[in-house]
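Participant: Dropping the structure in here first, questions after.
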Amino acid sequence: MTSTFSYLPPCNAAVVSSSSLRYYLKPKFPALSSPSTVPFRSKTAISCSPSAHADASVQTDFCFLKKREFVFSAALPFLLILHESVEGFRAGAAERLDRSEDERIREEVRKVVTKGRAPGLLRLVFHDAGTFEMNDNSGGMNGSIIHELNRPENKGLKKSVKILEEAKSKLDLIRPVSWADLIAVAGAEAVSICGGPIIAVELGRLDLGKPDPEGKLPEESLDAVGLKQIFSKKGFATRELVALSGAHTIGGKGFGSPIVFDNAYFKILLEKPWSSKGGMSSMIGLPSDRALADDDECLRWIKEYANNQTVFFEDFQNAYIKLVNSGAKWKS
Ligand code: HEM
């Protein structure tokens, strides 16, 4: 190949450097650089005009090479441009396909997520991902919740799965989507439809296809120390535990509007309405929510989020992404 280039007319040297030629020609143009010269060679040799070379075979070879180099070198810049645009097109198409695939998943999910369904869908995320444990890398966001719906802690989640089945059956017709991805996107959509932060969830998780180990989700009777311990095993700091607990701002546990994602959860935790006698105030919050307000370390973040919704949204967004990536196995 290298010797062939000694015949290139000077104009080509100006078009492409020899290093780029080597790069492009060797691996990318096997038809030109491979030994497929036989038919091409004989054809060119026949049409070559006589020259000063005495030996006919040398002359034939010389004419062939001259002609071949000329045709090759004249075509080279165009081939390179063509090659680059084909490669560029391919990369662009792959990227477009991925982007439109992601968008298609979000679109189908959007069709089934409503404000009324949002609390159940967000809870579904925690019950799939919240089984994660760092020490043995077990559990996590792997769609295993689909196989765990009869567990007592997952009571009420069947209807949320059913809602997503509608989206999944449509998506699977074109390209299968994992439960893990679907649930992660649905939770993010649930948050944003209720006025919370817009969370960009990465896609490509694989489903485990079987249940995770039991007993990994926190019980509502835990105190702050117990909650901090269980969350730290899952890789979450106290600040993240408090931010994620802010998910209880939606749903039926009595923190502000059940369908508005805001910082009402923290404002109400500071008021501690359950301490006052009478009415419905004692019904507000789970024991685990109330426990947070009794812990100094948690209280610091409850105050911060009650005073500054923007900080809550930012922290929730980051903790949510961490949650939906916990223990996830990704498509290669
Ligand atoms: C801190 C430990 C947590 C405990 C002990 C806990 C426990 C509970 C319990 C017992 C319920 C009531 C379920 C029912 O209505 O029967 C609930 C509701 C809910 N949980 Fe949690 N949870 C925790 C953390 C989280 C996290 C981290 C999220 C999401 C990021 C979350 C999202 C929700 C949502 C949205 C609801 C309302 C569901 C509805 O009203 O349909 N929870 N949680």
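Participant: For region 172-183, enumerate the residues that are surrounded by fewer than 19 Cβ atoms within 10 Å (Cβ to Cβ) and either at positive phi or not β-branched (V, I, T) (or both).
Facilitator: Residues of region 172-183 that are surrounded by fewer than 19 Cβ atoms within 10 Å (Cβ to Cβ), as a first pass: 172-176.
Those that are surrounded by fewer than 19 Cβ atoms within 10 Å (Cβ to Cβ) and either at positive phi or not β-branched (V, I, T) (or both): D172, L173, R175, P176.
Here is a yes/no grid of residues against (1) touching a His at 6+ places or on another chain (Cβ under 9 Å); (2) charged (D, E, K, R):
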position	(1), (2)
E107	no, yes
V113	no, no
F132	no, no
S138	no, no
E148	yes, yes
G156	no, no
K159	no, yes
E166	no, yes
D172	no, yes
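Participant: Could you give me the residue pairs with C-beta distances under 8 Å whose first residue belongs to region 209-232 and is closer than 16 Å to G140 by Cβ, whose second residue is within 11 Å of the ligand (Cβ to nearest atom) and small (G, A, S) wherever it lies, and which are 6+ apart or on separate chains?
Facilitator: If the second residue must be within 11 Å of the ligand (Cβ to nearest atom) and small (G, A, S), the pairs left are K216/G130; L217/G130; P218/G130; P218/G226; P218/S288.
Participant: Sort out which residues of region 312-332 are of a type outside the set (K, R), closer than 21 Å to G235 by Cβ and surrounded by fewer than 20 Cβ atoms within 10 Å (Cβ to Cβ), and write them in order of number.
Facilitator: Residues satisfying the conditions are E314, Q317, N318, I321, N325, W330.
Participant: Of the numbered conditions (1) under 23 Å from G156 (Cβ atoms); (2) in contact (Cβ under 8 Å) with a residue 24 or more places away in the chain; (3) hydroxyl-bearing (S, T, Y), T238 fails exactly one; give the number of that condition.
Facilitator: With respect to (1) under 23 Å from G156 (Cβ atoms); (2) in contact (Cβ under 8 Å) with a residue 24 or more places away in the chain; (3) hydroxyl-bearing (S, T, Y), T238 is out only on (1).
Participant: Right, here's the next one. Please verify whether L217 is among the hydrophobic types (A, V, I, L, M, F, W, C), more than 10 Å from the ligand (Cβ to nearest atom) and either crowded, with 22+ Cβ neighbours inside 10 Å or under 26 Å from the mean Cα position of the chain (by Cα) (or both), treating the condition exactly as stated. First the steps, then the outcome.
Facilitator: Values: among the hydrophobic types (A, V, I, L, M, F, W, C): yes; more than 10 Å from the ligand (Cβ to nearest atom): no; either crowded, with 22+ Cβ neighbours inside 10 Å or under 26 Å from the mean Cα position of the chain (by Cα) (or both): yes.
No.
Participant: Next question, about the same structure. Among what's in region 275-295 and is without any contact (Cβ under 8 Å) to a residue 24 or more places away in the chain and either in contact with a Gly (Cβ under 7 Å, 6 or more places away or on another chain) or farther than 15 Å from S221 by Cα (or both), pick the residue that is nearest to the ligand (Cβ to nearest atom).
Facilitator: Just the residues of region 275-295 that are without any contact (Cβ under 8 Å) to a residue 24 or more places away in the chain, to begin with: 275-279, 281-282, 290.
Filter once more, so that each one left must be either in contact with a Gly (Cβ under 7 Å, 6 or more places away or on another chain) or farther than 15 Å from S221 by Cα (or both): 275-279, 281-282.
Details: S275: 20, S276: 22, K277: 24, G278: 23, G279: 21, S281: 18, S282: 16 Å.
Per the criteria, the residue is S282.
Participant: Only one of these is within 13 Å of the ligand (Cβ to nearest atom) and β-branched (V, I, T): I174, I163, I146, I105. Name it. So that I can check it myself, show each step before the final result.
Facilitator: Numbers: I174 fails: within 13 Å of the ligand (Cβ to nearest atom); I146 fails: within 13 Å of the ligand (Cβ to nearest atom); I105 fails: within 13 Å of the ligand (Cβ to nearest atom).
After applying the criteria, what remains is I163.
Participant: Can I ask one more? Test F261 against the criterion of being outside any helix (DSSP H, G or I), in contact with a helix residue (DSSP H, G or I) (Cβ under 6 Å, 6 or more places away or on another chain) and at negative phi, and give yes or no. Break it down stepwise before answering.
Facilitator: Values: outside any helix (DSSP H, G or I): yes; in contact with a helix residue (DSSP H, G or I) (Cβ under 6 Å, 6 or more places away or on another chain): yes; at negative phi: yes.
Yes.
Participant: How about region 273-302: which of its residues are surrounded by fewer than 14 Cβ atoms within 10 Å (Cβ to Cβ) and assigned to a helix (DSSP H, G or I)?
Facilitator: Just the residues of region 273-302 that are surrounded by fewer than 14 Cβ atoms within 10 Å (Cβ to Cβ), to begin with: 275-280, 282-283, 287, 294, 296, 300.
Across region 273-302, the qualifying residues are S275, S282, M283, P287, D296, R300.
Participant: Quickly run through region 236-260 and pick out the residues that are farther than 20 Å from V311 by Cβ and either within 11 Å of the ligand (Cβ to nearest atom) or surrounded by 16 or more Cβ atoms within 10 Å (Cβ to Cβ) (or both).
Facilitator: G251, G252, K253, G254, P258, I259 - these are the residues of region 236-260 that are farther than 20 Å from V311 by Cβ and either within 11 Å of the ligand (Cβ to nearest atom) or surrounded by 16 or more Cβ atoms within 10 Å (Cβ to Cβ) (or both).
Participant: Something else: How about region 184-202: which of its residues are away from the ligand (no atom under 16 Å from the Cβ) and crowded, with 19+ Cβ neighbours inside 10 Å?
Facilitator: Residues satisfying the conditions do not exist here.
Participant: I've got another one for you. Quick test of your reading of the structure: L157 fulfils all but one of (1) farther than 26 Å from E107 by Cβ; (2) of a type in the set (A, V, I, L, M, F, W, C); (3) over 23 Å from the mean Cα position of the chain (by Cα). Name the failing condition by number.
Facilitator: Here L157 meets the rest and fails (1).
Participant: Further, regarding this structure: Residue by residue through region 182-224, note down the ones that are in contact with a strand residue (DSSP E or B) (Cβ under 8 Å, 6 or more places away or on another chain) and assigned to a loop (DSSP other than H, G, I, E, B). Even if it seems obvious, please write down each step before you answer.
Facilitator: Residues of region 182-224 that are in contact with a strand residue (DSSP E or B) (Cβ under 8 Å, 6 or more places away or on another chain), as a first pass: 184, 204-206, 212-213, 216.
Within region 182-224, G204, L206, D212, P213, K216 meet the criteria.
Participant: Quick one: D207 ticks every box in (1) at negative phi; (2) modelled with pLDDT of 95 or more; (3) within 10 Å of the ligand (Cβ to nearest atom) bar one, so which box is it?
Facilitator: Unmet for D207, out of (1) at negative phi; (2) modelled with pLDDT of 95 or more; (3) within 10 Å of the ligand (Cβ to nearest atom): (3).
Participant: If I ask for residues that are within 9 Å of the ligand (Cβ to nearest atom) and either part of a loop (DSSP other than H, G, I, E, B) or under 28 Å from the mean Cα position of the chain (by Cα) (or both), which ones from region 225-235 would you list? Working first, answer last.
Facilitator: Taking region 225-235 as the starting set, the residues that turn out to be within 9 Å of the ligand (Cβ to nearest atom) are 227, 230-231.
Correct list: I230, F231.
Participant: Could I ask something else about it? Keeping to region 125-140, report how many residues are more than 19 Å from the chain's Cα centre (by Cα) and in a helix (DSSP H, G or I).
Facilitator: 1
Participant: Quick one: what pairs do we get from region 141-159, first residue in a helix (DSSP H, G or I), second aromatic (F, W, Y), C-beta under 6 Å, 6+ apart or different chains?
Facilitator: Matching pairs, first to second residue: I146/W179.
The values are calculated or read from the model by the stated rules, or taken from the named source; none is laboratory data. Being a predicted model, the structure only gives us computed values, none of them experimental. Here Cβ is always computed from backbone atoms with ideal geometry, including for glycine, and neighbour counts include all displayed protein chains.
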